[in-house]
Amino acid sequence: MCLVRFLAGLTDPRDRRGRRFPLTALVAAAAAGVLAGARPLAAIAEWTADAPPWALRALGFTVDPFTRSVAVPHATTVMRLLGRLDGDAFDNVICAFLQARAHSRQSGESRRWRAVAVDGKQLRGSRAGGGKAVWLLAAMDHAGTVIAQRQIDAKSNETPAFIPLLDGLPLENTVVTADAAHTQHANGQWLRNHGAHYIAVVKGNHPGLLKLPWHDIGLDHKDRTRGRGRLEVRHLKTVAFRHLDYPGARQALRVMRWRMDLTSKKITIERLYFVTSLPPGAATGEQIAGWIRGHWKIENQLHHVRDTTFAEDASTTRTGSLPRVMASLRNLAISVFRQEDHTDIAAACRHTARDPQRPLTALGVR
């Protein structure tokens, strides 16, 4: 899969008389720079300037017929172009490339279920309309590939953006996980109408679920993990029911979690409640427990990495679509590395930066 071919579908916002550098080359070079660990736009421009001529030609930059050299753009040129891109169209292109790349790397054995997490993040250093920080809602499969992203209106919140975010995606045999803000009847009904299942967080708005005789219900799954200075024990119970007014709900779930701090020996206990449209027997207790835990990958393996590895919240880019476009390029880099089974994204960036061929290969540029 070649990113440049996907970028060909983008509309160039520049006047024809001012197009010295091809749009696809500029954006592909920015993507390659981010894969190599570039954080600010100046670093992206520096990576492009340092790239060998053969790499620039592969990305789509043209050779001057008189000097036989390859001209590269200034950082201001890159900033102005990226800031004028259509954010929705750009996200669609990036996510389409990532999904096609993931599909091409799958083995012949296909999984029955795909789990997708939905969660939002504010870009703290950015500014949108009204002086508020840009707020993005993303969908990421639990394998680490971002499949959709949408910017939240400055006067709104995540809830109305849930359906538009997922609209148009293939959702058959997909289990969608989200936090309590998205446990809305309209969302549950829409998912079921489109062939998707859900695991929805339930809080005090459904007190009847909390009153079920959980002590009489057997365990479906239990696990024990140790790491990051703590020990966790989790118990999952599931029960079929017909008493909760939520579209397509077939089972109630309760997760009991005991967490002990290995330094202070302090123990905390937490009870979490969910409803799911999955019928009894459609998935094992281990799978359901894995999907509930896997939801937080979007926070730990995407949003947190954008902050720590790419210093996203420290960035003060504010021009047009630039904050969102830069977030999309970071999504691209992180997803590509996840598809290649990298667990340390910072180390993957350093590895990629040591050879200009490596980011090109990752983007399908030959």
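The values are calculated or read from the model by the stated rules, or taken from the named source; none is laboratory data. Predicted model only: the values in this text are computed from it and were never measured. Note that each Cβ is placed from the backbone with ideal geometry, even for glycine, and that neighbours are counted across all protein chains shown. Remember, those area values only see protein heavy atoms, side chains included, never the ligands or the DNA or RNA. Shrake-Rupley method; radii C 1.70, N 1.55, O 1.52, S 1.80 Å.
So, of the residues in segment 218-245 that are assigned to a strand (DSSP E or B) and basic (Lys, Arg), which turns out to be nearest to Asn193 (Cα to Cα)? Across segment 218-245, the extreme among qualifying residues is Lys237.
Of all residues in segment 246-269, those satisfying the criterion of being in a loop (DSSP other than H, G, I, E, B) and free of Cβ contacts under 8 Å to residues at least 24 places away in the same chain are Ser264, Lys265, Lys266. The one condition from (1) touching a helix residue (DSSP H, G or I) at 6+ places or on another chain (Cβ under 9 Å); (2) open to solvent by 40 Å² or more (accessible area, probe 1.4 Å); (3) β-branched (Val, Ile, Thr) that Thr268 does not meet is (1). Counting residues in segment 270-280 that are free of Cβ contacts under 8 Å to residues at least 24 places away in the same chain, farther than 18 Å from Asp179 by Cβ and either assigned to a loop (DSSP other than H, G, I, E, B) or not hydroxyl-bearing (Ser, Thr, Tyr) (or both) gives zero.
So that you can scan it fast, the table gives a plain yes or no per residue for (1) more than 21 Å from Val146 (Cβ to Cβ); (2) surrounded by fewer than 21 Cβ atoms within 10 Å (Cβ to Cβ):
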site	(1), (2)
Gly18	yes, yes
Gly33	no, no
Thr48	yes, no
Thr76	yes, yes
Leu98	no, no
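All of (1) in contact with a Pro (Cβ under 9 Å, 6 or more places away or on another chain); (2) in a helix (DSSP H, G or I); (3) crowded, with 20+ Cβ neighbours inside 10 Å hold for Ala161 with one exception: (1). Looking across Gln189, Gln184, one residue alone is touching a residue at least 12 places away in the same chain (Cβ under 8 Å) and loosely packed, with under 15 Cβ neighbours inside 10 Å. It is Gln189. Of the residues making up segment 115-158, those that are open to solvent by 30 Å² or more (accessible area, probe 1.4 Å), touching a strand residue (DSSP E or B) at 6+ places or on another chain (Cβ under 7 Å) and either part of a strand (DSSP E or B) or of a type in the set (D, E, K, R) (or both) are Gln122, Trp135, Arg150, Gln151.
Residues that are open to solvent by 30 Å² or more (accessible area, probe 1.4 Å) and either free of Cβ contacts under 8 Å to residues at least 24 places away in the same chain or over 18 Å from Gly120 (Cβ atoms) (or both) within segment 309-337 comprise Ala314, Thr316, Thr317, Arg318, Thr319, Gly320, listed in sequence order. Elements of the type helices (runs of 4 or more DSSP H) sitting completely within segment 301-363 and holding at least 2 residues that are under 23 Å from Thr76 (Cβ atoms): these cover 322-339.
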